[in-house]
Amino acid sequence: MFIGEYSHAIDDKGRVAVPAKFRKVLQSGAVVTRGLDSCLFLYAKEEWQKLAEQISAAPINKANSRAFSRFMLAGAVELEFDKQGRILLPEYLRQHASLRKSVILAGLYNRIEIWDEGVWKKYSKVTGKNSGRIAEELEGVGSVKQSS
């Protein structure tokens, strides 16, 4: 399980350190791909395999299925950690997420999102302001079911 927000710098080669807490879950392998909302998605290999199977099972006769499959699967790359616990993010992925010098690694239970720090702050501010409305629109999340 991934939870929490961590700030790290990207070096000139495109490497970023992954918190030790996250690396423990990623020991058996990791995959990074294009994410939604201008970030990257980082998955443990086992979790990625589940998602990739679901995506690849989508009907190829549907344009949106093909487009989403290309977006997620063609953009994916397996990662290895160096001795300092860093991963190398390919240039095309750094460009997708507009990653500059400071990034946020946000743990979201089954994945890590990698955001440019400035983009993350703007996104978080807007989301925070709208959190009550967003919560109301999500059915069944955090609600307590009452028995009759």
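Read the figures in this text as sums done on the coordinates, not as results from a lab. Given the structure is predicted, the values throughout are model-derived calculations rather than measurements. Note: ideal-geometry Cβ built from the backbone for every residue, glycine included; neighbour counts use all protein chains shown.
Give LYS13/LYS83; LYS21/LYS45; LYS101/LYS122; LYS24/LYS45; LYS24/LYS101; LYS101/LYS121 a once-over and call out the pairs whose C-alpha atoms are over 20 Å from each other.
Details: LYS13/LYS83 15 Å; LYS21/LYS45 16 Å; LYS101/LYS122 16 Å; LYS24/LYS45 13 Å; LYS24/LYS101 25 Å; LYS101/LYS121 14 Å.
Pairs exceeding the cut-off: LYS24/LYS101.
Over the chain, what relative contact order in percent results from Cα pairs under 8 Å that are six or more residues apart?
Values: 211 pairs, mean separation 49.4, N = 148.
Computed over the chain, the figure is 33 percent.
Please turn the phi angles of the range 28-43 into ³J(HN,Hα) values with the Karplus equation 6.51 cos²θ - 1.76 cosθ + 1.60 (θ = phi - 60°), one per residue in order, whole Hz, x for glycine and proline.
Rounded to whole hertz, the list is 8, x, 9, 9, 10, 8, 4, x, 8, 6, 6, 9, 10, 10, 10, 10.
Where does the chain land on Rg/Rh, using Cα atoms and the Kirkwood Rh?
1.01
Note down the nm distance, to one decimal, between modelled labels 7 Å out along Cα→Cβ at GLU117 and at GLN54.
A separation of 3.3 nm, rounded to one decimal place.
Going 7 Å from the Cα of SER7 in the Cα-to-Cβ direction, what parts of the range 90-125 have a backbone nitrogen less than 16 Å from that spot?
Once the point is set 7 Å along Cα→Cβ of SER7, 100-107, 115-125 turn out to lie under 16 Å by backbone N, inside the range 90-125.
Treating the beta-carbon of each Lys and Arg as +1 and of each Asp and Glu as -1, no other charges, what is the dipole magnitude of the range 2-137 about its Cα centre, to the nearest 20 debye?
Computed about the Cα centre, the dipole is about 180 debye.
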